[in-house]
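To start, the structure under review is shown below, and the notes come after it.
The values are calculated or read from the model by the stated rules, or taken from the named source; none is laboratory data. It should be emphasised that the depicted structure is a prediction, and the values quoted were computed from it without experimental measurement. Every residue, glycine as well, gets a Cβ built from its backbone with ideal geometry; the counts of neighbours run over all protein chains shown.
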Amino acid sequence: MIIESAEVIVTSPGRNFVTLRVVTDDGLTGLGDATLNGRELAVAAYLRDHVVPLLAGRDAHAIEDTWQTLYRSAYWRRGPVTMTALAAVDVALWDLKAQRAGLPLYQLLGGASRTGLLAYGHASGRDRSELFDSIRHHRERGFAAVRIQTAVPGITRQYGIAAQAGAGSRYDYEPARRTARPAEEDWDTRAYLRHLPGVIEAVRAEFGPELPLLHDVHHRLTPIQAARLGRELEPYDLFWLEDCTPAENQEALRLVRSHTTTPLAIGEVFNSIVDYQHLIAEQLIDYVRSSVTHAGGITGLRRILDYAGMYQIKSGMHGPTDVSPVGMAAALHLGLAIHNFGIQEYMPHAEVTGEVFDTSFTFADGLLHPGERPGLGVTLDVAAAAKFAYEPAYLPLARLRDGTVHDW
Ligand code: CS2
Ligand code: MG
């Protein structure tokens, strides 16, 4: 199975996606997700200019050798652009190998370790009643776990909250807004810290002790603020507190950990096992948030998760809509196979995304399953993809009241 050609497809059905499509001499087509939200064309160029020319003529079965060749020969290692490009190649080769074997990819990764993957959805609201409606809506759609994000009184424009009321409303993440510049939002940490615990308490009281509740801080707190928040939320038994401090300051989690037993999740912006070296060995986190797409593919993320398993740390793979259907399928195959699966984030893609990507994965009774098609189980309609041209899009920027740019 020799690689004959590879091409990068940039398409925007609902939001921008970058996909690597690898074709072999025996007529198979493998897909890999290379979508880096808001920086899509950087990865597309990295692949087109520096990786695609190296692929033709290689043995498509040689996944580890290809991974190491691309990682080491570049000299410039790690980083989101490099590791997303590497992930796309890795996933496309796993897709090909499994198609060639006539098996769904999870079978090559060791077979199913469970019947399906517990998934969490995103509930949000501008006030309690909207938030409760959103949680009920997610429960009705079958979600057995929910992430809770609430608007904070006094903050007018805030990331992660649905802008309209209504059961099916989605927050304005999607896409990273199609604007020529990042939208500006507001932030006030003291107002947030005053408001959040009461909301989580009310949700717990309304929905009972069983429902797993998650919350994402989006890197906005200092270590001592995060420590206080974790401690205040302990009575409400959060499944996890996500990205409580800026990801660059890994020592911060030592301080947070020493003050609270609220489980911690981090890593959606990490891209290699090196990012986790101390966090895992020192047992400073409980869940690894990296996605297959941004952490070097199945090969890269599996390495991280095997290491995490030594310390009873579990997976909590990033699964917003900026992980494409190809990336989501890869996550589900890996999650089904590993022993230390924790939970899978699941934000269903917009309906129009389905005009380009056809997938075999299913969501029933709160559980995701990758399906039984050989390979990843995803096909990309090249002609349909060409109809949705790339549009510049940016994630927002948050400022404090005095105009200071803040983490978000
Ligand atoms: C979020 C994402 O899914 C999450 O947990 O943090 O919505 C994140 O903001 C985007 O994926 C950024 O690309
Ligand atoms: Mg997050």
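The single condition from (1) closer than 22 Å to residue 324 by Cα; (2) outside any helix (DSSP H, G or I) that residue 44 fails is (2).
Taking interchain pairs and intrachain pairs at least six residues apart, which have beta carbon atoms under 8 angstrom, with the first residue in region 126-140 and of a type in the set (Val, Ile, Thr) and the second in a helix (DSSP H, G or I) and surrounded by 18 or more Cβ atoms within 10 Å (Cβ to Cβ)? Short answer, once both residue conditions are applied: 135/203.
One residue alone among 253, 214, 238 is within 16 Å of ligand 2 (Cβ to nearest atom), within 24 Å of residue 327 (Cα to Cα) and either modelled with pLDDT of 95 or more or of a type in the set (Ser, Thr, Tyr) (or both), and that residue is 214. Taken over region 46-60, residues that are on the phi < 0 side of the Ramachandran plot and loosely packed, with under 15 Cβ neighbours inside 10 Å amount to 5. Listed conditions (1) surrounded by fewer than 19 Cβ atoms within 10 Å (Cβ to Cβ); (2) of a type in the set (Phe, Trp, Tyr); (3) outside the structural domain of residue 202 (by TED's automatic domain parsing); (4) touching a residue at least 12 places away in the same chain (Cβ under 8 Å) are all met by residue 75, apart from (4). Here residue 308 meets each of (1) assigned to a loop (DSSP other than H, G, I, E, B); (2) more than 15 Å from the chain's Cα centre (by Cα) with one exception, condition (1). Among the residues of region 320-348, those identified as surrounded by 22 or more Cβ atoms within 10 Å (Cβ to Cβ), among the aliphatic types (A, V, I, L, M) and within 15 Å of ligand 2 (Cβ to nearest atom) are 323, 331, 343. Residues of region 5-39 being among the charged types (D, E, K, R) and under 22 Å from residue 299 (Cα atoms), which ones? Hits for region 5-39 are 7, 21, 33. Looking at the structure I just gave you, is residue 272 touching a Phe, Trp or Tyr at 6+ places or on another chain (Cβ under 7 Å) and surrounded by 17 or more Cβ atoms within 10 Å (Cβ to Cβ)? Taking the combined requirement at face value, the residue does not satisfy it.
For region 100-188, the strands (runs of 3 or more DSSP E) that sit wholly inside it and include 1 or more residues that are modelled with pLDDT of 95 or more are 117-125, 146-150. If you check residue 231 against the conditions, is it basic (Lys, Arg), more than 16 Å from ligand 1 (Cβ to nearest atom), in contact (Cβ under 8 Å) with a residue 40 or more places away in the chain and touching a helix residue (DSSP H, G or I) at 6+ places or on another chain (Cβ under 7 Å)? Criteria not met by residue 231.
Among the residues making up region 355-383, those that are under 19 Å from the mean Cα position of the chain (by Cα) and not in a loop (DSSP other than H, G, I, E, B) are 357, 359, 362, 363, 367, 368, 369, 378.
With respect to (1) over 27 Å from residue 347 (Cβ atoms); (2) within 21 Å of the chain's Cα centre (by Cα), the lone exception for residue 58 is condition (2).
When residue 204 is tested against (1) in a helix (DSSP H, G or I); (2) touching a residue at least 40 places away in the same chain (Cβ under 8 Å), just one condition goes unmet, and that condition is (2). Residue 322 falls short on exactly one of the conditions (1) away from ligand 1 (no atom under 15 Å from the Cβ); (2) among the acidic types (Asp, Glu); (3) touching a residue at least 40 places away in the same chain (Cβ under 8 Å), and that condition is (1).
The C-beta contact set for region 281-303 (first residue without any contact (Cβ under 8 Å) to a residue 12 or more places away in the chain, second residue within 14 Å of ligand 2 (Cβ to nearest atom) and among the polar types (S, T, N, Q), distance under 6 angstrom, 6+ apart or interchain) is empty.
Return the residue satisfying two criteria in turn: it lies in region 339-354 and is away from ligand 1 (no atom under 16 Å from the Cβ) and assigned to a loop (DSSP other than H, G, I, E, B), and of such residues it is nearest to the chain's Cα centre (by Cα).
340
What is the one condition in (1) in a loop (DSSP other than H, G, I, E, B); (2) touching a Gly at 6+ places or on another chain (Cβ under 8 Å) that residue 76 does not satisfy? Result: residue 76 fails condition (2) only.
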